[in-house]
Amino acid sequence: MNLIKPKKLNIGDTIGILAISGAVENKENIDRAKKYFENKGYKVVLSENIFDKNRYLAGTDEKKVEELHKFFENPELNMILCSRGGYGAIRLLDKIDFEIIKNNPKIFAGYSDVSAIESMILTKTGLITFYAPIASGDFGVEEVSEFTEKSFFDPLTNLDSLEIS
């Protein structure tokens, strides 16, 4: 399999925060995460379903997949960061058009159940994804830890030096 390395994250790039699993339970956390990244010099776009709620999920499966596809197809987005993990991501695996992702590679990051999507993206497209801190729980807190910042930004801003074979 040929691995695809996404372009590194640069100051001034646009980060899309995507709700793809469980519903965002605290709007303030997303607002803080957005402000955090903007203060670091990034632009931020929120998915249309960011505050949707369908029982415990971030809206309908169809809307979540639509937003995922839209984010990958958007040439202005450099990175897709999941708003949170939790049950819901695995429900999307048979609905995702992996050709859209393969043809529009970019940084995709999250954790928890999002790892199921990350694994399928790698398997179906070869795109390297990142098990990484999430918007709501890690960047939407009162004070982001130095460990979180370092473990997030070091790999994503240094992708040029990432050796793949």
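The values are calculated or read from the model by the stated rules, or taken from the named source; none is laboratory data. These numbers were taken from a predicted model, which means no experiment stands behind them. With ideal geometry, Cβ positions are generated from the backbone for all residues, glycine too; neighbour counts draw on all protein chains shown. Accessible surface areas use protein heavy atoms only, side chains included; no ligands, DNA or RNA. Shrake-Rupley method; radii C 1.70, N 1.55, O 1.52, S 1.80 Å.
What to note about this one:
- In summary, the lysines within cross-link reach of Lys124, defined as a Cα separation below 22 angstrom excluding same-chain residues under 8 places away, comprise Lys5, Lys7, Lys8, Lys63, Lys64, Lys70, Lys95, Lys102, Lys106.
- Per residue, the chain exposes 49 Å² of accessible surface when a 1.4 Å probe is rolled over the protein heavy atoms with every protein chain present.
- Close amide-amide hydrogen proximity is noted between Lys43 and Gly12, Asp13, Thr14, Ile15, each under 5 Å apart and 5 or more residues distant or on a separate chain (H modeled in the peptide plane; Pro and chain starts excluded).
- Measuring with a 1.4 angstrom probe and ignoring ligands and nucleic acids, Phe51 comes out at about 90 Å² accessible.
- Neighbour count of at most 16 Cβ within 10 Å plus DSSP loop: longest GluC sites (Glu not before Pro)-free window in the chain: 77-141
- Kirkwood-Stokes translational diffusion coefficient of the chain, alpha-carbon pairs, 37 °C, 0.692 mPa s, µm²/s: 210
- Antiparallel bridges, percent of DSSP beta bridges restricted to segment 1-129 (to nearest 5): 15
- Carbon + sulfur, % of accessible area of the chain - ligands and nucleic acids excluded, 1.4 Å: 48
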